[in-house]
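Notes for the one structure printed next.
The values are calculated or read from the model by the stated rules, or taken from the named source; none is laboratory data. Every value quoted in this text rests on a predicted model; they were computed, and no experiment measured them. Positions of Cβ are generated from backbone atoms using ideal geometry, with glycine treated the same way; all protein chains shown enter the neighbour counts. The protein model used for the area step is the full one, side chains on, heavy atoms only, and it has no ligands, DNA or RNA in it. Shrake-Rupley method; radii C 1.70, N 1.55, O 1.52, S 1.80 Å.
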Amino acid sequence: MSVQPSTAAPVSANVAEIESVLTRVTYLAGRARQHERLMTTAGLELDRAAVAILRHIGESEPLRPGVLAVRLSVEASHVTRQIRQLEQGGYVIRVADPDDRRARRVQLTDAGAAAVERIREVSRRGMEMALADWSEGDLEHLAALFRRMVDDFVARAEDRLDLPPVAR
């Protein structure tokens, strides 16, 4: 496989460092062992995909499965399978879509909302332990920068990268 050299302007060293660090944070947070610890501490038996779906529904209004798949950038069939398992576990139910009675939306049950809250609490405690030595000012600054970064990512999510295609 040959990779074409990029004709785009090189990124700054700071941007390269940020991308590298975010990749590592994502890896560390998403490791199977980390997920197992989270589930054990929260007293739940859910896989990572189910947790992502529950958390997303918990942070929004009830959603159609197709909308949920788009927002999570996964195939609709994966979401459908996970929703079925979450329904069987009593974490979600399907309700009529008020905009289209033929369609269904997915909504948390009380058990689902409680599970999301336990997951959030355990995640926050882990974050608190990791950042225990940071000053309150540093934490405020980091939170503000992360909010800004997420807002910018969302605002530019549909922009195309100016890179040549990779040759195969």
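A few notes on this one:
- Applying both filters, DSSP loop and at most 14 other Cβ atoms within 10 Å, to the trypsin sites (Lys or Arg not before Pro) of segment 4-64 gives Arg31.
- Contact order, relative form, for segment 33-84: 28 percent (alpha carbon pairs under 8 Å, 6 or more residues apart, mean separation divided by residue count).
- With every protein chain in place, segment 1-127: carbon and sulfur % of accessible area (1.4 Å): 54
- Pair-distance profile P(r), taking every C-alpha pair of the chain, with 5 angstrom steps and integer %: 1, 7, 11, 15, 16, 15, 13, 10, 7, 4, 1
- The chain: relative contact order as a whole-number percent, Cα under 8 Å and 6+ apart: 29
- Along each principal axis, taking the top coordinate minus the bottom one, the Cα set of segment 21-73 gives 31, 30, 15 Å in descending order.
- Candidates per GluC sites (Glu not before Pro) in segment 1-105, loop by DSSP, up to 15 other Cβ within 10 Å: Glu45, Glu59, Glu75
- Unit charges at the beta carbon, dipole of the chain: most positive-side option, Ala130, Leu38, Met149: Leu38
- Of the DSSP H helices in the chain, those whose Cα atoms cover at least 27 Å axially and whose Kyte score averages -1.0 or more: 110-130, 136-155
- The trypsin sites (Lys or Arg not before Pro) of segment 126-156 that DSSP puts in a loop, and whose beta carbon has at most 10 other beta carbons within 10 Å, are Arg156.
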